[in-house]
Amino acid sequence: MRISTCAGGLIPLLFVAAATASPTFYTPSTSYLQSSDSPFSGLSFSSFFLNTFENNTPAGPGVTPSAGNTATNSGFSGTIIDSVDADDGTVDGKCVGCESWFSSSGAAGVTWTFDAGVLGGLPTDVGIVWTDGLGSVTFQAFGPGMVLLGTRTNADGGWVPGPGVDDQDVSEDHFFGVSDPDGIFAISLSNTSGGIEMDHLQYGIAANSVVPEPVSLPLLGAALCAIGLYRRRVRAR
């Protein structure tokens with residue numbers, strides 16, 4: 001009977017722990033021209049990674065993309081590559097000789113999945129910059145267990161994408177991101193037509209944050225129940 005009473009109390013405990021998450025979404029309202037335009041700029045992190053994909057770098061530590069490759073490895077070069085403006089060292093309306101991430105199917109998009117084992121926990125803040133494609137742009141974020149945290153589109157920020165022309169149009173580059181103290185397992189970015197191009201993947205763990213692993217909540221509940229049973233037994237004596 002004592003075990004069933006304890007287990008019954010575990011369910012509301014897990015519910016309260018899960019309900020503490022409060023995701024904050026960032027939707028595009030102005031052009032993203034450099035890393036200082038990120039809402040994460042100036043915040044304090046215990047670890048933070050920004051991948052500009054310059055020098056043809058891979059995805060980054062602790063993250064796996066579902067599709068695509070750097071634009072160079074995808075067979076593109078020159079002005080056809082749409083990268084964040086400042087990646088060539090100056091903010092001047094274009095990025096010369098720069099790099100980005102490209103996938104041929106904008107409708108399928110790219111899902112970026114994070115590895116808590118590599119990163120020391122799931123990131124609490126994640127963002128990416130959409131740089132080119134056609135149609136409506138959709139951003140989604142997922143918590144532990146691939147639970148959907150929310151969906152945002154370009155319309156949420158009152159921003160209409162450009163024509164998707166291959167002209168280094170940096171003014172159409174816009175940031176999508178999310179913050180969640182309970183951790184972010186994955187994000188996805190897509191557009192409804194053509195290919196999709198993105199840049200400045202960024203993710204970090206906020207300083208002094210404790211992001212619980214999915215298995216830690218049941219363990220915590222079991223420990224608290226054990227303590228409660230022990231105290232009840234002592235009182236009975």
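The values are calculated or read from the model by the stated rules, or taken from the named source; none is laboratory data. Only a predicted model underlies this, so the values are computations on that prediction, with no experimental measurement involved. When we count neighbours, we look across all protein chains shown, and the Cβ atoms used for this are built from the backbone with ideal geometry, even at glycine.
Quick notes on this one:
- Residues that are surrounded by 15 or more Cβ atoms within 10 Å (Cβ to Cβ), modelled with pLDDT of 50 or more and not in a loop (DSSP other than H, G, I, E, B), drawn from the range 1-49: F25, Y26, S35, D37, F45, S47, F48, F49
- Residue check: G78 meets all listed conditions (1) under 20 Å from L189 (Cβ atoms); (2) out of contact with any strand residue (DSSP E or B) (no Cβ under 8 Å at 6 or more places or on another chain) but one, namely (1).
- Any chance D156 is buried (at least 21 other Cβ atoms within 10 Å of the Cβ), within 24 Å of F25 (Cα to Cα) and at pLDDT below 95: no
- Subset of the range 109-137 [surrounded by fewer than 19 Cβ atoms within 10 Å (Cβ to Cβ), at negative phi and at pLDDT 95 or above]: T111, T113, D115, A116, G117, V118
- Of residues in the range 74-84 being modelled with pLDDT under 95 and not hydroxyl-bearing (S, T, Y), the one surrounded by the most Cβ atoms within 10 Å (Cβ to Cβ): D82
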